[in-house]
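What follows is one structure encoded as structure tokens, with my remarks underneath.
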Amino acid sequence: MAASGGNPTTVNPSSRRRLANAIRFLAVDAVQAANSGHPGMPMGMADIAEVLWNDFLKFSPNHPEWSNRDRFVLSNGHGSMLLYAVLHLTGYDLSIEELKQFRQFGSRTAGHPEREPSIGIETTTGPLGQGIANAVGMALAEKMLAAQFNRPGHQIVDHHTYAFLGDGCMMEGVSHEACSLAGTLGLGKLIALYDDNGISIDGATQGWFTDDTPARFRAYGWHVIDGVDGHDADAITAALRAARQEADKPNLICCKTIIGFGAPNKQGTSATHGAALGVDEVAAARIELDWPFPPFEVPKDIRAAWNASERGEVAVDQWNKGFSAYEAAHPELAAEYLRRTSGALPDDWSAFADQVIAEINKEAKTIATRQASQRALEGFAPRLPELVGGSADLTGSNNTFHAGSSAITGADASGNYVFYGVREFGMAAMMNGMSLHGGIVPYGGTFLVFSDYARNALRMAALMKLQSILVLTHDSIGLGEDGPTHQPVEHVASLRAMPNMHMWRPCDTVETAVAWRCAIERRDGPSALALSRQGLPFFNRTEDQIDLISKGGYILSNSESTPEVILLATGSEVGLAAEAAAALRSAGRQVRVVSMPCVELFDMQEADYRAHVLPAGVPCLAIEAGVKDSWWRFVGSNGDVVGMSSFGESAPAKELFAHYGFTADAITAAALRLI
């Protein structure tokens, strides 16, 4: 076998089939033991995986997070046992006992793994189609980092992104969004291998999927190699060699395979897709493929041929020597590369961020929070070259393009801004891929209402604990005349319901800047910023209050004595709460105003702090121009919520706010009723 990532060598075809059969039977045995899983894809793609891992893929089991490794994405993630088998065989820290515990509670071998780079799992996707979109993001990240860091004679960023995908990935619309853009951006180091077996859960796909897939991808601008026999190692090798020679276009290798290859009575049918083969069929497959070994047993010679630890060490050692030369020639670039690939912020980040927020506070601007977001970017971005922005064809509305932004194109990837076009789902999934790759902190914009299009990618970011920043503007009925199709009355509450999502709805420039800072500093999940179209008032705060914004909720203005009522608001409604509080105080009432820009962070605070801000027994009125669901647990049985219980209407924002009760007078009256 060749060294990891080296030049392929000729191997006896019968030996290659035996190596591939090790994948097949580890997968078959694990699915049979669990009585649950998907044996068909691992059996069908085992020959492809054997060639890729043994002759082409650059990786090191002993250094699984080495920054210049090739990335592999299993987009058809239901075939996870293929990946587990390969990682076990090549020498990653994934024991045979873990394979025996496939799909069991507490094991490292879940049915659909998300990511665990320490054992070689870059990402796989249960939701089909997202994996290939993640791979596009990874390949784009590689191209950007190469443009930024490589210098003549020093190719420190030089790796490929490989993806396996199936018919389901091709049918899901997100594959169109991402693969179309991949062609435009000329991602030549992206190589996708399509498992063209003609079978999905419901049976033969000819009844519902008759696309000319090679023509489709050629139209995108891809280099397509079709008609490859996915069970012929020489044909697979030739296709991969040809793909690696294509520098300017992403590559699609269409591999004709037989699902469940080797199961004599079930291969080629949907019966092998999502269920254990059964004892009799497993026994028949062992005879068919000449695999006389007991379950989970792999002969020593096959194990030795698969083990990649030594060749992985060689690949890493070669790169380290090259990086040492790079470091000597370009010490500042080398230090910056190490910082960015480690995920660390600049050494002076905290003091710098404090200064930016202090400057924004001094400006005291009354502007829309979407404009405040751009102002925050202008402040933070110069110190953070890893910030890579974009918008789904709403750049001017989302205010995501700052003074230091420059467009990324197929010809020049040295920029930091992606014009995603009208591709919300593709954008969010590609951002996940960039985050998974490392070295980049992605942010992307669209209207809040269109977060529904991107929602499953946002969910995957939350599930995988990926840093991703969503700039979601036009956040309520306040966007006005575009009407209810564009007015996101339920979206903030919906995103708050997503575990591990930080949903920010800031009320002015300072809260927006703090939201950006928290999103930049957060390393364990995504953050979404819901931002207004309309201008919002600025609030004077003490330094202590500015520090408290990062707790998610804080006292913006307080009563002179024990409050009779608390007005709790977010975003554009904080200004209305402040007006109502002034009217109530003029009438002799004791009123506290609480701004809660991030419910999730407030929930994470200690009980004493939460009780200090929202003391028990004091009537609380929550105000938000969206559905009421998020707020009942805060206001309790003696409180109330001013919110939406319907969709909006098409009218100027001021009229809509008055119609739905979002006025200082209406809030004042509601507060008096509580008192």
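All of (1) outside any loop (DSSP other than H, G, I, E, B); (2) out of contact with any Lys or Arg (no Cβ under 7 Å at 6 or more places or on another chain); (3) of a type in the set (Asp, Glu) hold for Glu98 with one exception: (2).
Applying the criterion of at least 2 residues that are farther than 30 Å from Asp47 by Cα to the helices (runs of 4 or more DSSP H) found wholly in the stretch 297-414 leaves 309-329, 331-342, 349-363, 369-380, 395-398.
Residues being at positive phi and not hydroxyl-bearing (Ser, Thr, Tyr) are represented in the stretch 31-44 by at least one member.
Restricting attention to the stretch 279-294, the residues that are open to solvent by 30 Å² or more (accessible area, probe 1.4 Å) and part of a helix (DSSP H, G or I) add up to 6. Which members of the stretch 51-79 meet the condition of being part of a loop (DSSP other than H, G, I, E, B) and of a type in the set (Phe, Trp, Tyr)? Scanning the stretch 51-79 gives Phe59, Trp66. From the list Ala669, Ala651, the lone residue that is surrounded by fewer than 18 Cβ atoms within 10 Å (Cβ to Cβ), assigned to a loop (DSSP other than H, G, I, E, B) and small (Gly, Ala, Ser) is Ala651. Do the conditions hold for Phe425, that is, is it at pLDDT 95 or above, open to solvent by 10 Å² or more (accessible area, probe 1.4 Å) and in contact with a Phe, Trp or Tyr (Cβ under 6 Å, 6 or more places away or on another chain)? When the stated conditions are applied, Phe425 passes them.
Residues are listed down the side, and each one gets a yes or a no for (1) closer than 20 Å to Ser75 by Cβ; (2) at pLDDT below 95; (3) assigned to a helix (DSSP H, G or I):
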position: Thr210; (1), (2), (3): no, no, no
position: Val224; (1), (2), (3): yes, no, no
position: Asp234; (1), (2), (3): no, no, yes
position: Thr237; (1), (2), (3): no, no, yes
position: Cys254; (1), (2), (3): yes, no, no
position: Ile259; (1), (2), (3): yes, no, no
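The one condition from (1) touching a Leu at 6+ places or on another chain (Cβ under 9 Å); (2) open to solvent by 10 Å² or more (accessible area, probe 1.4 Å); (3) over 17 Å from Ile357 (Cβ atoms) that Glu521 does not meet is (3).
Reported count of residues in the stretch 84-122, each being open to solvent by less than 40 Å² (accessible area, probe 1.4 Å) and on the phi < 0 side of the Ramachandran plot, is 20. Note on the stretch 446-473: among residues that are open to solvent by less than 10 Å² (accessible area, probe 1.4 Å) and hydroxyl-bearing (Ser, Thr, Tyr), the one that is nearest to Met501 (Cα to Cα) is Ser468. Where strands (runs of 3 or more DSSP E) sit wholly within the stretch 532-630, those with at least 2 residues that are in contact (Cβ under 8 Å) with a residue 60 or more places away in the chain, buried (at least 19 other Cβ atoms within 10 Å of the Cβ) and not charged (D, E, K, R) occupy 565-569, 591-595, 620-627.
Within the stretch 402-418, residues that are within 13 Å of Ala147 (Cβ to Cβ) sit with their Cβ atoms under 6 Å from residues that are part of a loop (DSSP other than H, G, I, E, B) and open to solvent by 20 Å² or more (accessible area, probe 1.4 Å), at 6+ positions apart or across chains, in these pairs: Gly415/Ser406. In the stretch 474-484, of all residues being surrounded by 24 or more Cβ atoms within 10 Å (Cβ to Cβ) and of a type outside the set (Gly, Ala, Ser), the one that is farthest from Arg517 (Cα to Cα) corresponds to Ile477.
Keeping to the stretch 634-648, report how many residues are open to solvent by 30 Å² or more (accessible area, probe 1.4 Å) and within 19 Å of Val492 (Cα to Cα).
So in the stretch 634-648, the residues open to solvent by 30 Å² or more (accessible area, probe 1.4 Å) come out as 634, 636-638, 640, 645-647.
Among the residues that remain, those that are also within 19 Å of Val492 (Cα to Cα) are: 634, 640, 645-647.
Residues that pass the stated criteria total 5.
Only a single criterion out of (1) more than 27 Å from Glu655 (Cα to Cα); (2) touching a Ser or Thr at 6+ places or on another chain (Cβ under 6 Å) is not satisfied by Val565, namely (2).
Quick check on Phe380: is it without any contact (Cβ under 8 Å) to a residue 60 or more places away in the chain and within 21 Å of Arg517 (Cβ to Cβ)?
Working: without any contact (Cβ under 8 Å) to a residue 60 or more places away in the chain: no; within 21 Å of Arg517 (Cβ to Cβ): yes.
Against the criterion (without any contact (Cβ under 8 Å) to a residue 60 or more places away in the chain and within 21 Å of Arg517 (Cβ to Cβ)), Phe380 does not qualify.
For Ala271, indicate whether it is over 30 Å from the mean Cα position of the chain (by Cα), crowded, with 23+ Cβ neighbours inside 10 Å and either in a helix (DSSP H, G or I) or without any contact (Cβ under 8 Å) to a residue 24 or more places away in the chain (or both). Against the criterion (over 30 Å from the mean Cα position of the chain (by Cα), crowded, with 23+ Cβ neighbours inside 10 Å and either in a helix (DSSP H, G or I) or without any contact (Cβ under 8 Å) to a residue 24 or more places away in the chain (or both)), Ala271 does not qualify.
A Cβ distance below 7 Å, combined with a sequence gap of six or more or placement on separate chains, defines the contacts here; from the stretch 641-660, residues that are under 20 Å from Leu536 (Cβ atoms) reach residues that are in a strand (DSSP E or B) and not aliphatic (A, V, I, L, M) in the pairs Gly643/Glu624; Gly643/Gly626; Met644/Gly626.
Of Gly636, Gly575, Gly571, all but one fail to be touching a Cys at 6+ places or on another chain (Cβ under 9 Å) and at pLDDT below 95; the exception is Gly636.
For (1) out of contact with any Pro (no Cβ under 7 Å at 6 or more places or on another chain); (2) closer than 18 Å to Ala22 by Cβ; (3) open to solvent by 80 Å² or more (accessible area, probe 1.4 Å), each residue gets a yes or a no:
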residue: Phe296; (1), (2), (3): yes, yes, no
residue: Pro299; (1), (2), (3): yes, yes, no
residue: Ala305; (1), (2), (3): yes, yes, no
residue: Glu310; (1), (2), (3): yes, no, yes
residue: Gln318; (1), (2), (3): yes, no, yes
residue: Gly322; (1), (2), (3): yes, no, no
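Yes or no: the stretch 550-560 includes at least one residue that is closer than 25 Å to Met644 by Cα and among the acidic types (Asp, Glu). No, that holds for no residue.
The values are calculated or read from the model by the stated rules, or taken from the named source; none is laboratory data. Owing to the predicted nature of the structure, the values given are computational and were not obtained by experimental measurement. Note that we place each Cβ from the backbone using ideal geometry, even for glycine, and neighbour counts take in every protein chain shown. Surface areas here come from the heavy atoms of the whole protein model, side chains and all, with no ligands, DNA or RNA. Shrake-Rupley method; radii C 1.70, N 1.55, O 1.52, S 1.80 Å.
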